[in-house]
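Below is one structure, written out as structure tokens, with a few remarks after it.
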Amino acid sequence: MQVTETLNEGLKRGYTITVTNDELEAKVNEKLTEAQPEIEMKGFRKGKVPMAMLKKQFGQRLLGESMQEAIDGAMNEHLEQSGDRPAAQPQMKMTNEDWKEGDDVVVEVSYETLPTIPDVDFSKVELERLVVKADDASVDEALQNLASTSKSFAPKRNGKAADGDQVIIDFVGKVDGEAFEGGTAEDYPLVLGSGSFIPGFEDGLIGAKAKEERDVEVTFPENYQAENLAGKAAVFTCTVKEVKKPVDAEVDDELAKKFGAEDLAGLKAQIAERLEHEYTGASRAIVKRSLLDALDGVVSFDLPQSLVDAEANQIAHQLWHEEHPEVEGHNHDAIEPTEEHKSLAERRVKLGLLLAEVGQKAEIQVTDAELTQAVMNQARQYPGQERQFFEFVQQNAQFRQQLQAPIFEDKVVDHILTVAKVDEKEVSKDELQRAVEALEDE
């Protein structure tokens, strides 16, 4: 077996692998000899079938297996000796396409090797971590928001129904003068402006008073779920029994109990803890971006063009679909990446290779518990189908890798941050919010 280098340019590598006919024949004979004791054939005792008959019966199949094993073995041996790490699956092509039994096998192999990643002194990386405290004003603001979401309704004396008010109504709906199924109700509490009913219904009750009766004319949407009503004009005869105005809940112990706290002090503590968690998460996203920006500026090495091209195509495809949400699947013309897409792809590939190298050297791994938690978090997006989702994850190694990748990246980032020089700067909530918005605009 012979491996000859044909290309060594930057990260590109090319080789010719030659497997002689004698080597192939020896491998076939070895396989037949190994299997002979267990083979039974009519007219012969077990293990006594002549080698010539075995070769005639199984030789062609074993020849193909031997050919593949020889090429794979040569390739693995070459990678082990050279230290090359292909960036993607090597391309292999048999050059003597008119090959026949008895000929040598000649295969051309090409790939891009992963680059040598330079060491980085992370202690020289200087970063700033924004720190926000959950002050009393922020907690009080959150409490008021909770109170507004827990609003109740009180009688609106001598008042007309306005947007946001609640009306208690009886109604009968008719199409062509005939009442239809599902179009009648009594003592129905409807908040005007909630969009609970078909378009036009709630608007038709604006200005109504208690004890007033009025007809509301509407037209069912063309795509209405009940086909017998879709696109039909209808009249709802409504009797307004009561008009109520929204009233925010009192910020007290009763409100706290509604949200699972023992008292108001306990609810404030829960809110403060939640706010601190949110601030910490936002701050971490900012310092992570700052770290990646810093690394992008100080680290340079050759990039496998195949990885950059694949990443640029993926970015272009994803952004195109975000701009054309009405198009499903891949039934569209080819999408050509722009220079901006290619530049972003280069950054992602460079940082991805760097973080992978740092993680490997630091022996960072994603634990089973961390992966399980990620799976459970994803499963919550499919209520009622959790079992099917878990089975899908178990059977799909590529999807498991997709779940592991961001966890691994975050652990590597955390590792680097323990070495880097990170100064804390206390800022207001508004300053943190502006920093987050600037991050999203990039």
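The values are calculated or read from the model by the stated rules, or taken from the named source; none is laboratory data. A quick note: this is a predicted structure, and the numbers were derived from the prediction, not measured. Here the Cβ positions follow ideal geometry from the backbone for every residue, glycine too, while neighbour counts run over all protein chains shown. Side chains are part of the model used for accessible areas, which takes the heavy atoms of the whole protein and leaves out ligands, DNA and RNA. Shrake-Rupley method; radii C 1.70, N 1.55, O 1.52, S 1.80 Å.
Could you please find all residues in segment 383-410 being open to solvent by less than 60 Å² (accessible area, probe 1.4 Å) and not aliphatic (A, V, I, L, M)?
Phe389, Asn396, Phe399, Gln404, Phe408, Asp410
Answer yes or no as to whether Glu336 is modelled with pLDDT under 95 and open to solvent by 90 Å² or more (accessible area, probe 1.4 Å).
So Glu336 fits the description; yes.
Do you know which residues across segment 105-164 are open to solvent by 40 Å² or more (accessible area, probe 1.4 Å), within 30 Å of Gln2 (Cα to Cα) and of a type in the set (Asp, Glu)?
Across segment 105-164, the qualifying residue is only Glu108.
Do we have any residue at all in segment 352-360 that's aliphatic (A, V, I, L, M) and open to solvent by 90 Å² or more (accessible area, probe 1.4 Å)? Working first, answer last.
Let us first name the residues in segment 352-360 that are aliphatic (A, V, I, L, M), namely 353-356, 358.
Now restrict to residues that are open to solvent by 90 Å² or more (accessible area, probe 1.4 Å): none.
Scanning segment 352-360, I find no residue that is aliphatic (A, V, I, L, M) and open to solvent by 90 Å² or more (accessible area, probe 1.4 Å), so the answer is no.
Among residues belonging to segment 310-329 that are under 17 Å from the mean Cα position of the chain (by Cα) and of a type in the set (D, E, K, R), point out the one that is surrounded by the fewest Cβ atoms within 10 Å (Cβ to Cβ).
Filtering segment 310-329 for residues that are under 17 Å from the mean Cα position of the chain (by Cα) and of a type in the set (D, E, K, R), the one surrounded by the fewest Cβ atoms within 10 Å (Cβ to Cβ) comes out as Glu322.
From the set of residues in segment 237-264 that are open to solvent by 70 Å² or more (accessible area, probe 1.4 Å) and free of Cβ contacts under 8 Å to residues at least 12 places away in the same chain, which is farthest from Asp203 (Cα to Cα)? Before you say what the answer is, go through the steps one by one.
First, the residues of segment 237-264 that are open to solvent by 70 Å² or more (accessible area, probe 1.4 Å): 241, 245, 248, 250, 253-254, 257-259, 262.
From the residues that got through so far, the ones that are free of Cβ contacts under 8 Å to residues at least 12 places away in the same chain too are 253-254, 257, 262.
On the way: Asp253: 37, Glu254: 34, Lys257: 36, Glu262: 41 Å.
The qualifying residue farthest from Asp203 (Cα to Cα) is Glu262.
Pick from Met67, Met41, Met53: which is out of contact with any Cys (no Cβ under 6 Å at 6 or more places or on another chain), over 23 Å from Met1 (Cβ atoms) and open to solvent by less than 50 Å² (accessible area, probe 1.4 Å)?
The conditions single out Met41.
Conditions (1) out of contact with any strand residue (DSSP E or B) (no Cβ under 6 Å at 6 or more places or on another chain); (2) at pLDDT 90 or above, marked per residue:
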| residue | (1), (2) |
| --- | --- |
| Ala147 | yes, no |
| Lys151 | no, no |
| Ile168 | no, yes |
| Gly173 | no, yes |
| Thr184 | no, yes |
| Leu192 | yes, yes |
| Lys211 | yes, yes |
| Phe220 | yes, yes |
| Gln225 | yes, no |
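Show me the helices (runs of 4 or more DSSP H) found entirely inside segment 335-427 where at least 2 residues are of a type in the set (Lys, Arg).
On the way: elements: 339-361, 368-379, 386-395, 397-419.
Ranges flagged: 339-361, 397-419.
So in segment 227-244, with the set limited to residues that are more than 14 Å from Gly183 (Cα to Cα) and assigned to a loop (DSSP other than H, G, I, E, B), which one is nearest to the chain's Cα centre (by Cα)?
Among residues in segment 227-244 that are more than 14 Å from Gly183 (Cα to Cα) and assigned to a loop (DSSP other than H, G, I, E, B), the one nearest to the chain's Cα centre (by Cα) is Glu227.
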